[in-house]
Amino acid sequence: MSRTKTLDEKLKRIHADPHGCKDFILADAKDADMALAIGATGRTTEKWPDGSPRFRTLAEYRKIIEEIVEQGLVDIMLMSASTSEELTIRKRIFDNSAVTPACRGNDTTDIHVFRGGKSPGQPSLPFRPATIDHIQCGKLHCSPADRHIGANLGLYSITYTNDPVRDREALLAYNAFRLEAEEKGFRHFLEVFDPNVEGMVAPEHLGGFINDAIVRTLGGVTRSGRPDFLKIVYHGPRAMETGGVRPPLGGGHPGWLGRHHLRRIQATGRGEKIRREGGLVLPQDQPGRKPARLHPFPAVDRRRRNRAGRGREGLPRRAASLGCHPQPHPGG
């Protein structure tokens, strides 16, 4: 993977000028097989004899990933370790691409979405199936020569529950991952989900709770072990400014984009192909689904508050998402 990656170029410019840089990072989250399983690949127009939807095969899903990488419109392609093994290590589709391959480094139990399952509704617990060696070279132990034949960027997620026993377990798991990543030269970005069970934190304290959790999590981590950037749910400009600007995390801090409110990170998802329309990159409409659109998050103009269809901060009511998040299973 000798070609310069657009992600690295954009991150350099963002860190060099965090308030003036206009770069926008687009990630395609094709890691949903680690959450939605069979439903991850997306529905086709075909149905089974009983009328239930037919989903794409895994081969069809991976073919879409190849087509998107060939287009070169995204900066990050996020995959499961098994998909990355096939496309990054075996087929070498990223060798001459400006797209950065990335793998989901863990899958906490709150994204284990099975038909009839109960995990998403229970307090989250940490879990990690693939080791960093498996992501980097496809096997348990990588030789120095093999260490970078696969992906060298991972998404690690933490779901805080406001339970000291569970949260300590989650932090210990992240600590082990982080130390392994630093030892093996593996880059990662950190995703912090809101508590996955209602009532764990009072709504009025949720933004502050997440900010405090992030700062406390990274306060004991030196520059060499920190994530490249963060992915968090958007809780409004005050929460973003408080977390991203005060207190500062020091030189080399992750790209938590404070005053610009995550407008530079966006994602598409499950089985979607993408297309360009004007200045936007959009997921192609899928059969039986309402058209989906990706909107860059503009810097907040306070004059736009309370407009119809917008949150009180003048922005769409959604988070910039780089990974899969529990949703109702498309198979019912």
* Is it the case that ARG54 is in contact with a Ser or Thr (Cβ under 7 Å, 6 or more places away or on another chain), among the charged types (D, E, K, R) and not in a helix (DSSP H, G or I)? -> yes
* Considering each residue of region 88-105, count those that are within 24 Å of ALA37 (Cβ to Cβ) and surrounded by 23 or more Cβ atoms within 10 Å (Cβ to Cβ), and give that number. => 6
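How many of the residues making up region 77-116 are in a strand (DSSP E or B) and out of contact with any Pro (no Cβ under 8 Å at 6 or more places or on another chain)? Walk me through it before giving the result.
So in region 77-116, the residues in a strand (DSSP E or B) come out as 77-79, 100-104.
Add one more test, that the residue is out of contact with any Pro (no Cβ under 8 Å at 6 or more places or on another chain), and what stays is 78, 100-104.
Counting residues in region 77-116 that are in a strand (DSSP E or B) and out of contact with any Pro (no Cβ under 8 Å at 6 or more places or on another chain) gives 6.
Can you say whether ALA213 is surrounded by 15 or more Cβ atoms within 10 Å (Cβ to Cβ), farther than 21 Å from ILE76 by Cβ and small (Gly, Ala, Ser), as far as the supplied structure shows? Talk me through it step by step, then tell me what you get.
Details: surrounded by 15 or more Cβ atoms within 10 Å (Cβ to Cβ): yes; farther than 21 Å from ILE76 by Cβ: yes; small (Gly, Ala, Ser): yes.
So ALA213 fits the description; yes.
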* **Pair list, Cβ under 6 Å, 6 or more apart: region 229-240 residue at positive phi, other residue not in a strand (DSSP E or B)** => GLY236/GLU313
* Can SER143 be described as surrounded by fewer than 18 Cβ atoms within 10 Å (Cβ to Cβ) and among the small types (Gly, Ala, Ser)? -> yes
* Asked: Residue check: is PRO49 more than 27 Å from LYS139 (Cβ to Cβ), in contact (Cβ under 8 Å) with a residue 12 or more places away in the chain and either of a type in the set (S, T, N, Q) or not in a strand (DSSP E or B) (or both)?
  -> no
* Structure fact -> If we keep only residues of region 52-61 that are surrounded by fewer than 19 Cβ atoms within 10 Å (Cβ to Cβ), in contact (Cβ under 8 Å) with a residue 24 or more places away in the chain and within 19 Å of GLY116 (Cα to Cα), then the residue nearest to the chain's Cα centre (by Cα) is PRO53
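Just checking, does region 60-73 include any residue being on the phi > 0 side of the Ramachandran plot and not in a helix (DSSP H, G or I)? Show your work before the answer.
Kept after step one, since they are on the phi > 0 side of the Ramachandran plot, are these residues of region 60-73: 72.
Next cut, not in a helix (DSSP H, G or I) only: 72.
Checked region 60-73: at least one residue is on the phi > 0 side of the Ramachandran plot and not in a helix (DSSP H, G or I).
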* Asked: Say we look at region 10-46 and pick out the residues that are assigned to a helix (DSSP H, G or I) and without any contact (Cβ under 8 Å) to a residue 12 or more places away in the chain; which of these is surrounded by the most Cβ atoms within 10 Å (Cβ to Cβ)?
  -> ARG13
* To do: Please work out if GLU180 is of a type in the set (Asp, Glu), without any contact (Cβ under 8 Å) to a residue 60 or more places away in the chain and within 18 Å of ILE135 (Cα to Cα).
  => yes
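Could you say whether any residue in region 163-172 is part of a loop (DSSP other than H, G, I, E, B), modelled with pLDDT of 95 or more and more than 17 Å from THR108 (Cβ to Cβ)?
Step one: filter region 163-172 for residues part of a loop (DSSP other than H, G, I, E, B), giving 163.
From the residues that got through so far, the ones that are modelled with pLDDT of 95 or more too are 163.
When the remaining residues are screened for being more than 17 Å from THR108 (Cβ to Cβ), the result is none.
Checked against the condition, which is being part of a loop (DSSP other than H, G, I, E, B), modelled with pLDDT of 95 or more and more than 17 Å from THR108 (Cβ to Cβ), region 163-172 yields no hits at all.
The values are calculated or read from the model by the stated rules, or taken from the named source; none is laboratory data. Treat the numbers as computed from the prediction; the structure is a model and nothing was measured. Reconstructed Cβ throughout: ideal geometry from the backbone, glycine too, with neighbour counts over all protein chains shown.
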